[in-house]
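One structure below.
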Amino acid sequence: MKIDFVEKEIPNGEVEVTVAAAERNQQVAKVIAALTSLEESRPEVLSLKTEEGIQLVKIKDIIYIDVSETNLLIYSQNELLVTKGRLVKFMERLKNPDFVQVSKHAVVNINHLARLENSFSGSMLAKMSRGNQTMVSRRYVKKLTDRLGL
């Protein structure tokens, strides 16, 4: 597969994608399906069941998510929200490529990532906005650096 980028004037900041192939085959269908899924609407706000009741949080405000026993700790710009659930299920609800898993127990929003620092044994320390930080286990370092385009 060859991937190319051509800069051209498109109105309203739209993105135009053309898939070219000798014939429409299964690979072309997969590429079109993947591109189509990117256009599916993503939620901007999530509802969370907490001890206080149901709270709404803007997805763009979530800095990172951590697991503590059976609780999900959602660190946002404004507060720490605690809810029950599994990280995998929460990620399915997010449907957002800006959230990258960095360990078995943590997911970061790369829009709030300030810097990465080397740590011991090949792992890294992710310094987030608002002074938050979490470890990036060495198993997930490549996934994160690839997502960052490094």
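For Asn111, indicate whether it is of a type in the set (S, T, N, Q) and either surrounded by 17 or more Cβ atoms within 10 Å (Cβ to Cβ) or under 30 Å from Ala34 (Cβ atoms) (or both).
yes
Going through the range 113-149 one residue at a time, which ones are part of a loop (DSSP other than H, G, I, E, B) and hydroxyl-bearing (Ser, Thr, Tyr)? Step through it out loud before you land on a result.
Filtering the range 113-149 down to residues part of a loop (DSSP other than H, G, I, E, B) leaves 119, 123, 132, 137, 148-149.
Once the filter is applied, which keeps residues that are part of a loop (DSSP other than H, G, I, E, B) and hydroxyl-bearing (Ser, Thr, Tyr), the range 113-149 yields Ser119, Ser123, Ser137.
Return yes or no: is Ser37 of a type in the set (S, T, N, Q), surrounded by fewer than 10 Cβ atoms within 10 Å (Cβ to Cβ) and either modelled with pLDDT of 85 or more or part of a loop (DSSP other than H, G, I, E, B) (or both)?
Values: of a type in the set (S, T, N, Q): yes; surrounded by fewer than 10 Cβ atoms within 10 Å (Cβ to Cβ): yes; either modelled with pLDDT of 85 or more or part of a loop (DSSP other than H, G, I, E, B) (or both): no.
Here the answer is no, as Ser37 does not meet what is asked.
What are the residues in the range 115-128 that are at pLDDT 90 or above and either charged (D, E, K, R) or surrounded by 14 or more Cβ atoms within 10 Å (Cβ to Cβ) (or both), if any?
To start, the set of residues in the range 115-128 that are at pLDDT 90 or above comprises 115-118, 123-128.
Across the range 115-128, the qualifying residues are Arg115, Leu116, Glu117, Ser123, Met124, Leu125, Ala126, Lys127, Met128.
Might you let me know whether the range 65-83 holds any residue that is touching a residue at least 60 places away in the same chain (Cβ under 8 Å) and closer than 24 Å to Lys143 by Cβ? Break it down into steps so the answer makes sense when it comes.
Restricting attention to the range 65-83, the residues satisfying the condition of being touching a residue at least 60 places away in the same chain (Cβ under 8 Å) are 66.
From what is left, the residues that are closer than 24 Å to Lys143 by Cβ are 66.
Yes, the conditions are met somewhere in the range 65-83.
The values are calculated or read from the model by the stated rules, or taken from the named source; none is laboratory data. Just so it is clear, the structure is predicted and the values come from calculations on it, not from any experiment. Methodologically, a virtual Cβ is constructed for each residue, glycine included, from the backbone with ideal geometry; neighbour enumeration extends over all protein chains shown.
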